[in-house]
Structures are given as structure tokens and as C-alpha cells.
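Here is the structure we will look at.
The values are calculated or read from the model by the stated rules, or taken from the named source; none is laboratory data. The structure displayed is predicted, hence computed values, not measured ones. All Cβ positions, even for glycine, are placed from backbone atoms using ideal geometry, and neighbour counts span all protein chains on display. SASA here: full protein model, heavy atoms, side chains in, ligands and nucleic acids out. Shrake-Rupley method; radii C 1.70, N 1.55, O 1.52, S 1.80 Å.
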There are 2 protein chains.
Amino acid sequence: MSVERLVRALPGADLVTDADVLVGLGHDEAEWAPAGKALAALRASSAEEVSRAVAACAELGVPVVPRGAGTGLSGGANAVDGCLVLDVSRLDRVVEIDAENMVAVVQPGVVNDDLKAAVAEHGLWYPPDPASAPWSTIGGNVATNAGGLCCLKYGVTRDYVLGMEAVVGGPGGAYGSRVRLGRRTTKGVAGYDLTGLFVGSEGTLGVVTEVTLRLRPARRDAPRTVVGAFDDVVAAGRAVAGLTARGLVPAALELLDRFALAAVEDWKHLGLDPSAEALLLASVDTPGTSGDEEAAAVAAAFRDGGAAWAEQSTDPVEAEALFQARKLAYPALERLGPLLTEDVCVPRSRVPEMLERTERIGRRHGVRIATIAHAGDGNLHPLLVTPPGDDAARQAAQAAFEELLTAAIELGGTVTGEHGVGLLKRRGMQRELPLGARAMQKAVKDALDPLGLFNPGKVIGDDPDL
Amino acid sequence: MSVERLVRALPGADLVTDADVLVGLGHDEAEWAPAGKALAALRASSAEEVSRAVAACAELGVPVVPRGAGTGLSGGANAVDGCLVLDVSRLDRVVEIDAENMVAVVQPGVVNDDLKAAVAEHGLWYPPDPASAPWSTIGGNVATNAGGLCCLKYGVTRDYVLGMEAVVGGPGGAYGSRVRLGRRTTKGVAGYDLTGLFVGSEGTLGVVTEVTLRLRPARRDAPRTVVGAFDDVVAAGRAVAGLTARGLVPAALELLDRFALAAVEDWKHLGLDPSAEALLLASVDTPGTSGDEEAAAVAAAFRDGGAAWAEQSTDPVEAEALFQARKLAYPALERLGPLLTEDVCVPRSRVPEMLERTERIGRRHGVRIATIAHAGDGNLHPLLVTPPGDDAARQAAQAAFEELLTAAIELGGTVTGEHGVGLLKRRGMQRELPLGARAMQKAVKDALDPLGLFNPGKVIGDDPDL
């Protein structure tokens, strides 16, 4: 395929063909994932243009790799050789906020925090809050079924997507057809849940061009923050399991180990005390005296779980700094070298064991592993840090990465809680899911994208058993 | 097909071939939906037996119609000619309650209320509460993505299904293969959400033989009940819209019109005052003083919305009687004649208009329509009552039924909020969904059930445009 044919097929389109720019648009933030060489990129300015581009690509046999802000951590938005990178980040309009029905309709390029700000003006709240919320787009959040800190109490992206418009191909019409899926009511069972199927499908079934989202009323009061410091990280994990066993469901329950804390403190000087081996941060947003009781119960559970100290933060500046630290941990650690990022999820009772295994695996392979975690969900982010340019360390990290995935599977968990499979977790997913389930996924993919045009090789692509 | 071949293919199976019993097992509670003549029925005693039966049916070309308690209201479990009715109601074991992780694993025949009782012993709660909860099974709830009263705050069945085992065919393996879908962690994005796809698929993709469910901590206190009485039903609808606009989300917000109230009172003598044209019942379960404030705000919203009176019920017996009345409305009205049951769902702001149109449509066709509603969700149940044996009335009711579906679509809603498409809402769904979306559904069905063995003709079956 020559790029000229694509240019001719898309007259007037703002196609990027500069090699350097293409490299930048050809990968997400999964530094370890391989990226192919795109033929071109299109910064689409309308759904109509997405539609035309998909039709042209189908005609020419050019794979389509959709892309939002490129903040993904699994390589899901990485270019494949000869593809068109279809960048929808300029489709960034909040189309409608229907306050009466607590619904928002947005284009896929709207940044998560911008949506939050827009609906807040109407006294509403869009809960999903990945740490990338200041940069990541709703389209990307939908593609990976993004989670975040407050999923524990408020659920993940899928729980908020009522409907969408997508550019599809195959049975939905000729490639490039725009199809409306789902609805805008809170309940609805008219046919299969194709909306839910598209959420988390990482751009392999079509290109989402509009999303209809459910909202919640804004929370009236600032949440309380409860902090617990632990002398070892596994003890912190036991406190998490203890919390769940007591039926406590705070809005967020986060873990940072010493390594992550130190990286943030070295960078941002927030005044964190990095003497603890692990911190647990809980956010309690139940209003009134019930919230006070819940915060006290969380602190008590921390202490019973062996915390060196645990208290409710009475200083809002300090509380803010603690959650800031949590959100900054990833970029802070990135400063130390390329990160290989996990997002395994295990049943909450197995969190201590997963933390223990993480330590063991790190030691065995001589890999430095920092852990941050949405601990209350059992969703852990072991971050494998390697010195830049050290090939042996890189190989050791890769071996440790696969062992961590296997450990999560062995503990009854999954290889990916919220980042998606992309390229990095394909092998892990193949180990996690039985052959029958993978074959069913492949059948769905083949049925809805018979040309294999959309983001080929990602998620279920490249399965040697199929 | 002769039944003898099926009997020979399933040695030792407890096959039902008695014609009268087959008629009983060959339909659900949608009295108006057509039912075919089953070849036989199997009351399966194990997943293994389900697997063998599906394999034999695939071999012999006998359609499989799965069935739970038969409480469905859309004909989804109705027999088709020459089918095997596969009754899974004897698979009624709670396999595991994992209190630490707030997860239950159950067989599909477990009755909803029995599950609630079993998990309550562990201080846990399974929220979905269709009015059929004392009789309907989890398998049936999963098949229709059942809702209920407390969906407003706590979501529908899909929000609680983490994983399942299903007997499938086609790409998942030979027909009769048992496949595990999903996971048991609260988060997980390893591949397409096939679990969510199966929820609400009404047995058209396979037979669910085990379900892994998320649970919540039990609520500590009895919820408060707030009652408002209105002089006309549309005003009650306006009060509902007003409540949502204020950001109030009670645990339940139900509507009963005078017709429904009177039917319950005539039957059960609960001491209800049937002088109001409509009652709104709200259940507030926010604990502590915040709950007191919320209940007061709900009562105020009722009054501002034009309630003749509104108050928080301080008498728990009275409060219980009111919600009992809501749950008994359906059987109470069924005593008056065959019911044609709607479960349209519209955006909450359109509830008043939908109620207005319901009245107009009833008047125009001379059909008595009682309305009960999960009003807070915009999910209305107009119940069309016809005298037994009156053919003209029956035809009028059918015309009114289709007009109500069309009205819901025109108001931005859906033809089915929680009962499923089954047989009764196929035409409505065809009007609601664009052709592309229906074609995609059909492609998914064909991919996962290439023989068309599972519950043929239901949901997406019988679409003249495909």
C-alpha cells in the first residue's frame, strides 16, 4: 500500500504522514510494548470523517488503529505496520448535559476531568477516575473499561455507559456505517448488550464516535480521609482483607508502598513521611454522623490489622496531599526508568498473598518493584522499574512480569483489572481464559469485523491456539 | 422428529413426555404470548445432564428452550414446536458463599429470595428484587437482566453477575461444551465481556448452569418509607421528575395508580385508603440523620409536586403494607382477567408524558389500563386488563399495547426495561433499534449458535428485515 492511494481516497482530510510525528502517534504509554510503523494518521474532526476514513481503509485493506490521548498502559493504541492511526482526540465536544435525567452525551475525545468539570456545574458527578483523568479521554476510558480510585463504591466505566454511536463494518452495514447502540434510559433489555460488549473491546470492534453516560448527583461534602501506616506491605494487605470482611466499603481504599512514596516525595516534596513500609489511604464519603462512624471503623480496622498508626486526617491540605501522592506515584516512578506496569486483580482476601508473591518474585529476579494499588478492589499495580539501557534488567523484568500474571491467575484473579489486554497481556489472557471462551471471543470479533480491520492483533489477536 | 429418538439419545434422563405436563412447562406467565408444542421436557438434575441434553439435541436438530420457574412476562420461556424444554429449576444449590470477598456462586434454579436469605446469614445482601423474587430463579433473572424496586440506587442483575458457567455450542466447542465466562474479582477486562452479553440474552446463546454473583454488605437499619398521595397520576409523574431533578436517589420510588390499589385492597384488605388517584412510595435507606434529611427532602418534593398529602410513615407495619401492596399489585390485577403487561422505560423527565399518553391510549381503545411503576427509573408497567373470553377487547388491548411501545420509543425510551423481549416485544424492538444494531445482534447470535439451537425465534428471531 502506498500512502498516496490513501490520500487520494480521503480528499480534504488532514492526514499526517511525517515520519517523526507518526512515531509519536504510533504508541501509547506502555513503553515496553512493540509498536509498528503506521502508514498515516488522521486527526479526525467529525464522526462523518471517521466514517469516511473507515470506509476508505476497508476498501484499501488498511488496518485502523483508533487512538485517544495515548495514555494507555498496555499498548492497545500502538500502531501496526501499514495502518491508519485514527486519532479521535479532536472530537472533544460535550454534546449535551441532560441534568433532569442525569445523562451526558459526549464525543470520545473529551478528557475525563473536563467532563467532570462540565457536569459539576449542573450539580452532577461522573465517578470513574483513573489516575490519568487529567489527560485520558472518555473514548479511551470506554475502550479499556477504565476504573480508578472510586470503583470500590461506585463501579467502573461500563457501569456508566448507557449507549454509544460507533463506526462499524460487516453486519452493521458497509464498513464506515454509523450505528447507534444502547439507549439513554437507566434500564433497558431490548436485545443483546452490544454497548457493554464494546466497552473494554479496545477498539477491536469499531470506532466509538459518541458516548451516552449516566451521571450521579454531586457529593455534598468533601470526603473524609483515613490514613494507616504499616511496617510491612503484607500487613497492609491483611488490613485490606479485614476491612472487606467487616463489610466496610469506603469510596476508595488505596495502597502505596515505601518505594512509591519515596519517589513522589523526592519529586514533589509534599511533606510525606516516608518511614512507613506501606500506607493505606481510605476515602469515606458517607454523609453526616454515619460517615464519622464509618471513618472511625476504618481507622479501627487499620489498627486491628496491625497499623503502626492510623487516624482520620483532620487537615484537608494533608488529606489532599496524600491522594495527590497516590495519583502522582506513576509519573514519579517513571522518572526512574522505563516502567513495566501490571494491573492484576485478585479476590480481596488474596491481596496479602499477592503482595507477598510480588515481593518474592521481585527478589528472585532482582527486579525493583514498586506497588501502588486500588487495594479495596484487589486491583494491584506492581510497577517494575529498570535502569534505562540495561538489557539484562529488562529481560529479568519481563520474566517477573509474566510470573506476576501467573500468580494472579493462581490466586483466582485476572491479569488485567482496568488497563486492558492490549499487547502486553495477550499471553497472560491466554493463560487465564479457557480455550472455549477465547474461541467465543474470536467468533464475536470475526462476526462483527469480518475483514479484521479494527486494531488487529490486539486483545484476542495472535492466539496460537485459535 | 419422534420423541423416541430423543429418549434413546438420553438414557436415564427424567424426560417428561406427558402432553398435559408439557403444556404446563411450555409457557411462562405471559398469557398473551403464543406457545408451541414441545417434544419433551427435561428436568435436569446436574450441569452434566444439561450438557448431554444439549449435545443430543444438536445431534438430532431439536431446539432447546431453557426454563427456570416460568415467571417470565414476555414469553421468553415459551416452547417452540418440536423443542426440548430444558428446565433447570432443580439445579437449586447455593454452591458457595464467600463472605470475605462478598461473592456467591449459585446454580441457576436458586430462587431469588432463597439466595437473599442464604447470604443474609453472612451479613450480606443480594439487591436485585423483581416483584417475582419469592418465585423467580437467578437463572431467569440473569436471562432477562431482571430489575426490581431497588435498581434505582443499586442497579440491575447485570451489575451483580461477575461470571458464569454456560453450556454452549459452536465456537466454544461442540454443542454441549461447558464454558466458564467472566471472573470472580470485582474488576476485570481480560477480553470481551461475554458474561454481560449472556445476561439479558434470554437463553438464546446457551444454557447458564452456574452464576458467580457480587454481593453487598447487608443494610443495617430498616429503610424509611415516604408516601405521597396524588389527585391525578400525571401529577405523581411530575413529582417523580422533580425528585430526580433535585438529585434525590432513594433506594426505591414506586408508583401505584388507583386501579392497582383497589385491586390489591379488594383482594387482601390491607387497610389501604384507595381514595387517591395515585400513590408514590419511596424507600430511603441512607443511614442516620442524613437519611432523615433525605426522607424529609423526598416528602417535600412530593408536596412541591402537588401531592394531596405526603409523609414519612412512622408505623413500620403500615410501611410494610404499602410495599406489600406494590408487590401484590400484579397478582391482584391478574385475578380480574388476562393481563397484557408492559415494561416500557423512558427518561425520568418524560414519565409524566408517558403516563398521560397511557391514559389517552387506554381511553381511545376502550382498554382498562392499571399502572404500577418503578417510577424513579422511568420504568412503567401499564397493565392492560381484559375480560376473559372477549375477543374484541383482546384485539383492542393488543392495538393499545403496540401504541404504548411506540409512545415509549417516541419519548426516547425503550420497549422493555426489565422483562425482556421474549415473543411479545419483538416487533417493538424492531421499531426501537436501527437495522444496523439488529444485524449486529443477529451476527453475534449466528456466531455463537450457528445451528440456531438455543431458544429460536425469541428476542432477535423473526426479524423481517434481516
Calculated SAXS-style log₁₀ I(q)/I(0) at q = 0.29 Å⁻¹ - the stretch B:1-40, Debye, Cα scatterers:
-1.00
Distribution of pairwise C-alpha distances over the stretch A:94-217, 10 Å bins, in %:
14, 48, 31, 7, 0
Most packed first (mean Cβ within 10 Å per residue), the peptides B:185-197, B:75-87 order as B:185-197, B:75-87
Over the Cα atoms, compute the radius of gyration (one decimal) and Dmax (the largest Cα-Cα distance, rounded to a whole number) for the stretch A:120-185, in Å.
14.4, 41
Carbon plus sulfur fraction of accessible area for the stretch A:269-343, probe 1.4 Å, in percent
53 percent
With Rg and the Kirkwood Rh both taken from Cα atoms, where does Rg over Rh land for the stretch B:323-410?
0.96
Whole-number percent relative contact order across the stretch B:221-335, with pairs defined as alpha carbons under 8 Å at least 6 apart:
43 percent
Ratio of chain A's C-alpha Rg to 2.2 N^0.38 Å, to two decimals?
0.98
Between the stretch B:110-156 and the stretch A:301-343, what is the separation of their alpha carbon centroids in Å?
37 Å
Cβ neighbours within 10 Å from other chains - mean over B:412-419:
5
Sorted from shortest, what are the nm distances separating the label point of B:Leu451 from equivalent points in the other copies, each placed 7 Å from Cα along Cα to C-beta?
3.4
Anything losing 50 Å² or more of accessible area from the isolated chain to the full protein assembly: pick those residues out of the stretch B:96-141, probe 1.4 Å, ligands and DNA/RNA ignored.
B:Glu100, B:Asn101, B:Met102
Residue mean of other protein chain beta carbons inside 10 Å, B:170-183:
5
Residue-normalised accessible area of the stretch A:3-87, given per residue in Å² at a 1.4 Å probe:
39 Å²
Share of the stretch A:94-217's accessible area from carbon and sulfur, percent, 1.4 Å?
49 percent
Over 10 Å intervals from 0, what percent of Cα-Cα pairs in the protein assembly as shown sits in each interval?
2, 12, 21, 25, 21, 13, 5, 1, 0
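Which value, in square angstrom to the nearest 100, describes the accessible area buried between chains A and B on both sides, using a 1.4 angstrom probe?
Working: alone 18950 and 18930 Å², together 31740 Å².
The buried area between A and B, both sides summed, comes to about 6100 Å².
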Proximal aspartates and glutamates to A:Lys116, defined as alpha-carbon separation beneath 13 angstrom and excluding residues fewer than eight positions away on the same chain
A:Asp129
Quantify how strongly other chains surround peptide B:2-13 by giving the mean number of their Cβ atoms within 10 Å of each of its Cβ atoms.
0
Rg from C-alpha atoms of the stretch B:30-70, normalised by the globular rule of thumb 2.2 N^0.38 Å, equals 1.31
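Summing -39500 (n - 2.57) over the DSSP H runs of n ≥ 4 in chain B and dividing by its residue number, what mean residue ellipticity at 222 nm do you reach, to the nearest 500 deg cm²/dmol? All intermediate terms of the calculation are to be shown ahead of the outcome.
Numbers: 15 runs with 169 residues, N = 466.
Computed ellipticity for chain B at 222 nm equals -11000 deg cm²/dmol.
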Between rounded, prolate and oblate, where does the stretch A:221-335 land on the alpha carbon gyration tensor, with a ≥ b ≥ c its root eigenvalues, rounded for a/c under 1.5, else prolate if a/b exceeds b/c?
oblate
With no solvent and one equal point scatterer per Cα, compute the Debye intensity ratio I(q)/I(0) for the stretch B:51-117 at 0.27 Å⁻¹ and report its log10, rounded to two decimals.
-1.13
Aspartates and glutamates near B:Lys37 by alpha-carbon distance under 12 Å, same-chain residues fewer than 8 away left out - which ones?
B:Asp18, B:Asp20, B:Asp81
Pairwise centroid distance, computed over Cα atoms, of the stretch A:435-460 with the stretch B:1-53, Å
35 Å
What does the highest-first list of B:141-153, B:401-413 look like by mean Cβ count within 10 Å?
B:141-153, B:401-413
Given the stretch B:371-430 reduced to its alpha-carbon atoms as identical point scatterers, what log10 I(q)/I(0) does the Debye formula return at q = 0.21, 0.22, 0.23 Å⁻¹?
-0.90, -0.97, -1.04
Set of aspartates and glutamates near B:Lys268 by C-alpha distance (under 15 Å), chain-local residues within fewer than 8 positions excluded
B:Glu318, B:Glu320, B:Glu334
Report P(r) for the stretch A:153-294: all Cα-Cα distances, bin width 10 Å, range 0 to the bin holding the largest distance, values in whole percent.
10, 26, 21, 23, 16, 4, 0
Copies of A:Pro34 compared via label points 7 Å along Cα→Cβ give distances in nm, shortest first, of 5.6
Taking square-rooted eigenvalues a ≥ b ≥ c of the alpha carbon gyration tensor, is the stretch A:84-150 rounded, prolate or oblate, where a/c under 1.5 means rounded and, failing that, a/b exceeding b/c means prolate?
oblate
What percentage of the solvent-accessible surface of the stretch A:3-87, computed with a 1.4 Å probe over protein heavy atoms, is contributed by carbon and sulfur atoms?
50 percent
Rounded if a/c under 1.5, otherwise prolate or oblate - the stretch B:3-87, Cα gyration tensor axes
prolate
